[in-house]
Amino acid sequence: MLTRSEIENILKNQWNLPWIKQDSLEHIVKKLLKEGAPKKIRLDNRNVIDPFSALFDIAISHINFDVWEKAEIVRQHQKTLQNAIGKFHQMVLGSIDGCEDLGVGKIVDFKCEKKKIFAEIKNKFNTVKASDLKGVYKTIAEYRRMNCPDYTGYYVQILTKSRFNRCFTPSDNTSGSKPEPNPHIREIDGSSFYTLITGDEEALINLYKILPYVLQKVEPSFDADAIVKHKLYQELIEDATK
């Protein structure tokens, strides 16, 4: 495992994110780790766990009940973590000069006055059900009409299967109709949006590459070197930014 001094040297010499300060990213990571940390170490049965599902899971996975319980606790914590990660990109992009993270509970997530852009940001392409995309479109269209008609509104999906930047025209699941294409109401993948905001074609992939070292500086038990050198992590980055 790399020493703290080695981590600090890597961050100093290999920092390739000129659009965000190191201390800003460290602050965001600390906040995310705190929000995503398990609040309980016991199984949460408030939503009633299906005993049949538990039995079949144990049989299929060839595990005992104690191992299943630990795995179920981890699975339940994943939802808390995913909610926190959903805020991560919002906070990172909001830290860029001229941009603003509008916070939780606002109509939209992000605004960049410099580029006359606002956005609703989701972590993954399937976070919002297809039947609910009409509501996302309406939110963006209404916010633009009421607050900033000279801005372009984006529906951002950080993780997608391909890159795109196109007019956002979701189908109405009841009528099957679509809104007329509007060049100022768009949908875009994460890599393309980071490039649009930062001007750096490699912005998102460089964030993925430096993040393990930031994580180890903030959380010393995290082994950045092992993660960075692992073939699977490289594959995950390639899939997430292709």
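The values are calculated or read from the model by the stated rules, or taken from the named source; none is laboratory data. Bear in mind that the values here come from a model prediction, so they are computed numbers and not experimental data. Quick reminder, even Gly has a Cβ in these numbers, built from the backbone with ideal geometry, and neighbours come from all protein chains shown. The area values use the complete protein model at the heavy-atom level, side chains included, leaving out ligands, DNA and RNA. Shrake-Rupley method; radii C 1.70, N 1.55, O 1.52, S 1.80 Å.
For this structure, a couple of remarks:
- Pair list, Cβ < 6 Å and 6+ apart or interchain, from the range 86-97 residues that are more than 12 Å from residue 122 (Cα to Cα) and touching a residue at least 24 places away in the same chain (Cβ under 8 Å) to residues that are part of a loop (DSSP other than H, G, I, E, B) and open to solvent by less than 20 Å² (accessible area, probe 1.4 Å): 95/20
- Identification of strands (runs of 3 or more DSSP E) wholly contained in the range 60-158 with 1 or more residues that are of a type in the set (A, V, I, L, M) yields 117-124.
- Residues in the range 160-193 that are open to solvent by 50 Å² or more (accessible area, probe 1.4 Å) and under 18 Å from residue 238 (Cα atoms): 161, 162, 163.
- Residue within the range 74-85 that is at pLDDT 80 or above, within 20 Å of residue 35 (Cα to Cα), touching a Lys or Arg at 6+ places or on another chain (Cβ under 9 Å) and surrounded by 15 or more Cβ atoms within 10 Å (Cβ to Cβ) present: no
- Residues that are outside any loop (DSSP other than H, G, I, E, B) and closer than 22 Å to residue 91 by Cβ, drawn from the range 159-169: 159
- First in the range 230-242 and within 19 Å of residue 201 (Cβ to Cβ), second anywhere and hydroxyl-bearing (Ser, Thr, Tyr), Cβ under 6 Å, 6 or more apart: 237/208; 241/191
- Matching residues in the range 188-203 - criterion: being acidic (Asp, Glu) and either touching a Pro at 6+ places or on another chain (Cβ under 9 Å) or part of a helix (DSSP H, G or I) (or both): 200
- Scanning the range 200-222 for residues that are open to solvent by 50 Å² or more (accessible area, probe 1.4 Å), more than 19 Å from the chain's Cα centre (by Cα) and of a type in the set (D, E, K, R) yields a total of 1.
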